[in-house]
Every structure is written in C-alpha cells, then in structure tokens.
Amino acid sequence: MKFEDLLLEIGGFGRFQILILFILCLPRINLPMHFLLHNFLAATPSHHCAIPHQEVFVNLTMEEVLLISIPREPDGTFKSCEMFLQPQFHLLLNSSLQPENNSIIQHCQHGWVYDHSQFTSTISTEWDLVCEQRGLNQATATFFFIGVTIGAVLFGYLSDRFGRKAMLLLSLVCSVVFGMLSAASVSYSMLAITRTLTGVALSGVSLIVLPLGMEWVDIQHRTFSGILTSIFWSVGNMLLAMVAYLVREWHWLLVAVTGPCLLSIVCLWWVPESARWLIVNGRVKQAHRNLLRCARMNGRKDFAVSPEVRNSRSRHLRMATDKNSGESYSYISLFRTPVLRKISLCSGAVWFGVAFSYYGMSLNLTGFGLNMYLSQFVFGVIEIPAKMIVYVLVNRTGRRQSQAWALILTGLCIGANVIIPKSLTSLRSVVAIMGKGFSEAAFSTVFLYTSELYPTVLRQNGMGYTSFVARLGGALAPLVFLLDEVWRSLPEVTYCAVAVCCGSVAFLLPETLNVRLPESIEDVE
C-alpha cells in the first residue's frame, strides 16, 4: 500500500491539512524579514568626511564649509571618502575650479558625518562601514548566508534522522535566541558571529516547512500547497518594508523581525510529525495515531471501523517500513546511483542560479529608480501574481519548462537593464519589477520541483544539499556588487549570465507533473 492510498482514505486535503499549512505559513512569513534584512540593517546613507575645527569657520555657511573642505564628483556632489589637506578658500570665488592636483587630497582622517534623515542608525553608521570598510558592510550579508549554508547541511541531515517537527522547533528556538543576541551586539565581530548563527537556525525553518506540509497532502493538491506556502514569503517581503519604514534604528529593527518566531513556536504545538517519515523510520504506531487524528478532523470516521481493518492497515505500514529498514542514507546516497546523481547535479546548478539571481536583485533596492521602501514593497507585491501564474503553468506546461524559462527570463531582464540608459527611470523600474516576478516564479517552482524529485528516504537530504548550493549563491550575491569598481555594469552582467546558464540546465531534469512522490531510491531509478 502506497502512502498516497492512505491519504485517500483519511482525506488528502481537508481541514487537517489546511490547519497544518496555515500554521507552517507563520514561520514562512518571518524568513524574508531576516533573509532580506541587509537592505535596511546595513543601509549606507549619504555621508562625507568629518571636518575638524569647524568653529574657525563661523562666518561660513555649512555649504561653504563643505565647498572648501570636500572635493566634488563630476556630477557636482561631494565625495564621500576624500577631503582636502587644507581648506581651499579660493573655491568660494569660483566653485567650478576643482583642483586637479591630487596631492592636496587625502582620505578621511576624522571619521564621517552621516545624513540621518532616513535612518536613525544602521550598522554602517554604527561602525563606519564605508569607503575602505565597504567590503565589511557587504560581508554582513555573506556571513548570514554562510550560516544558512551550514544550516542547510546540518538540518537536512538532522530532520531525516530525528524528524521534521523536532528539528523545526529547535531551529525556531535558536532563531529567537541568536536574533535577540544580534540586536544586543556591541561590536561588529559580535554581530557577524550572531548573524551567522541566526542564519544557521533559520535555515532549518526554510528547509523543513515545505516538505513537512507537502508530506501530508495528496498529489492533486501538492502544487496548490507549495504555492500557498510560498505566497506567505511574499507577505513577509511586504511586511519587512512596513516594519523597516516604522523602525529606523537597527537594534530595534532586529528585535521587531525576530519577535514573530515566538508565535510560530507556540503554534507548532498543533502540528504533528510527518506520518511518511514515521513509517519510513519504523515508528508505525505513532504514524497510525497521527493518521487517525487526521481522519477524525477530516470527517473520515470510518478509517478505523474494525479491528480487522486496523490489523490489515498495520501490516501494510510494516511492509512499507520493512522495505527501508536496515538501510542508512546520507548525502553520499544522492550521488551513488545514475539517475539520482544526474538529478542532484542538475538541481544543484538550478538552485545556485535561482538564489544567485534572486538575491542579486533583492539586495539592490536602490538600483532601479524607486524609493527603497517602495521598491521592497513592490517587489513583494509583484511576487504574488507571479506565484499565481506559476500555479497555472506548472500544472499545464509542467515543472521542467516552468523552471527553465522562469530563470532564463530573469537573466534576460537583468541583462536588459544593463543596456537601458539610466535616464529612462520608469522603463528600468518596469523591467526590474518584471525580472523580480520571473525570479520569484523560479524560486517558487524550484521548491516544489525539488521536493518531488527526491524519494522520502532522501527528501530532506536532497533539500539540504540543494539548499546548501543555493545559499552559496546567496552568500556570493552581495559580494558581486563590489565588482562595480572594475566595471560599473559587471555585477548585472554576472547575474544575467549565471541565470541564463543555470536555467538551461533545468531542461535536463525529469518531469514530475502528476507523478507519485517516490518513497525509495528504487522508485527514482
């Protein structure tokens, strides 16, 4: 007896599944509020070198003090990282005569002055992560995603070994602890360490939520469940814009985005362990109890009408258990057999491209001509219709075609904005929003697609491996922005090329539309 047959008996999509999916969507809302927090946590407001002994310039306005103390960019704005060795009083007579002798210019010697009109404080203003220290600012996001990468491997294995629910609870508790410690950071080193550990903890939430929900849902509603869960990521995107708009101080912003994890911890009490996982791991009695609970809530009270039926069903469950008993699985198992090896290599490449391009766009809110809060909100809004379109496409054209073309079109939109002149702000914004929609469509599809490619005995290992590769992409994405010092458009060209190449790899994966979830490696091969 296949597990799908049991789901048909107890109700594959009833009140029980709706309750579970709703509860699991709560931590899903919280994820983007941390994953995309770098936009606001590490925002760099306009700044210039601090000017010493300003009291001697009592007869000059602030604009005139800046004029004689700070050199200008070609567009007329004051430079952020340089100052004159001595005040250039002659510029008061003719400000257009900018000195051509670089020997009278030096790097900032007395710190920086920041514009606090938009942010009360960020980690950039707290520890002067600008100019020569700009790399440390971008590295904050990389540290977080390195943590997520480590967590993907760790929780992928642990959730297959000790169960989905227990590891989800552990990851939520650790997220609260390390999130609050991040908010209390008194040095950059402390923040880097605690943000890395927060990434490790939140990786468990990201990794476990979708498979735990999917393993309780029948084939017909699998796509709907995956898309519904991912919509709450977009809700979190929009909430982040509103929370960041209201909370402009970085310590309290971290508290505000970490607090909701407490609600998820409380609500997790009503979520049972995956019956699929319990059966595969030989815990038949507990699996049967969870199935009975599901049947009662779904109004299928005839699920255990007689001892004969119960005994027969228990025999089927034990048979399913015996098929997998005595076998031990690890990440190496993903590469032992030919079909699984091909799936693992190709899905890893696709996940890397999806995450690399998604975070490349999401962490560049100021590059498309919109206010950063509005950009964050609009990027969240556009994801919802993108998911609706994905829901139709993956059921009509299949997972493979949807995955490949969504990622390729993401890359083409990023590439288009390299060509479009910056003066055409509206057009650039429209293309960017379209690209963000395709990017989210690729992300929504890859979660659903991957959970269907791997068998139950290796599903969390498979999700852990692909999440590991994706987080490598997420960790590298913010550092690519530093390539603009080589060529201003090099970051966008890099994102474009990776997205198109990785999207093409998706054509090599098998189709999973209307196919039963595989239970064992033999089912895949």
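The values are calculated or read from the model by the stated rules, or taken from the named source; none is laboratory data. Computed from a predicted model, the values in this text were never measured in an experiment. For neighbour counting, all protein chains shown are included, and Cβ atoms are generated from backbone atoms with ideal geometry for every residue, glycine included. Ligands, DNA and RNA are stripped out before the accessible areas are found, and what is left, the full protein with its side chains, is counted by its heavy atoms. Shrake-Rupley method; radii C 1.70, N 1.55, O 1.52, S 1.80 Å.
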Accessible-area composition of region 127-216, carbon plus sulfur, in percent [1.4 Å probe]: 77
Relative contact order of region 47-114, defined on C-alpha pairs under 8 angstrom at six or more residues apart (%): 44
Virtual spin-label span in nm between Glu73 and Val255, 7 Å along Cα→Cβ: 3.5
Simple Cβ-charge dipole of the chain, Lys/Arg +1 and Asp/Glu -1, about Cα centre, in debye nearest 20: 2480
Nonlocal Lys pairs with alpha-carbon distance under 27 Å, the chain (8 or more apart, or different chains): 15
Estimated vicinal HN-Hα couplings, Hz - region 202-213 in sequence order (Karplus 6.51, -1.76, 1.60; Gly, Pro = x): 5, 4, x, 4, 4, 7, 8, 3, 5, x, 4, x
P(r) tail fraction, the chain - alpha-carbon pairs more than 30 Å apart, %: 52
Using alpha-carbon coordinates, inclination of helix 164-183 to the longest axis of the chain, degrees: 20
Computed FRET value (nearest 0.05) for Arg336 with Val392, which takes r as the C-beta separation and R₀ as 41 Å: 0.65
Normalised contact order of the chain, rounded percent, pairs of Cα under 8 Å and 6 or more residues apart: 21
J(HN,Hα) series, region 28-34, from Karplus relation 6.51 cos²θ - 1.76 cosθ + 1.60, nearest Hz, glycine and proline x: 4, 4, 6, 4, x, 5, 9
Per-selection Kirkwood Rh - region 334-524 (Cα, Å, 1 d.p.): 17.0
Region 47-114 shape via C-alpha gyration tensor axes, a/c threshold 1.5: rounded
Extension gain (nm, one decimal) between Tyr245 and Glu4, 0.36 nm per residue minus Cα-Cα: 82.2 nm
Area accessible to solvent at Ser121, 1.4 Å probe radius, in Å²: 20
Computed [θ] at 222 nm, deg cm²/dmol, the chain (DSSP H ≥ 4; -39,500 (n - 2.57); rounded to nearest 500): -21500 deg cm²/dmol
Cβ-isolated cysteines (cut-off 4.7 Å), the chain: Cys25, Cys174, Cys261, Cys267, Cys294, Cys346, Cys413, Cys496, Cys501, Cys502
Placed amide H near Leu513: partners under 5 Å, 5+ positions off or other chain: Arg399
Angle in degrees between helix 338-362 and the longest Cα principal axis of the chain, rounded to the nearest 10: 40
Distance in nm between pseudo-label sites at Val493 and Gln86 (7 Å out along the Cβ direction from Cα): 4.4
Accessible area in square angstrom per residue, the chain, 1.4 angstrom probe: 41
Inter-label distance, nm, simple model (7 Å from Cα along the C-beta direction), Ile419/Val65: 4.9
Where Rh is the Kirkwood radius over Cα pairs, Rg/Rh for region 177-316: 1.12
In sequence order, calculated HN-Hα J values of region 396-410 (Karplus, 6.51, -1.76, 1.60; Hz; x Gly/Pro): 9, 8, x, 5, 4, 4, 4, 4, 5, 6, 4, 6, 5, 5, 4
Region 1-136: relative contact order as a whole-number percent, Cα under 8 Å and 6+ apart: 28
Expected-Rg normalisation [2.2 N^0.38 Å, Cα atoms] applied to region 228-268: 1.28
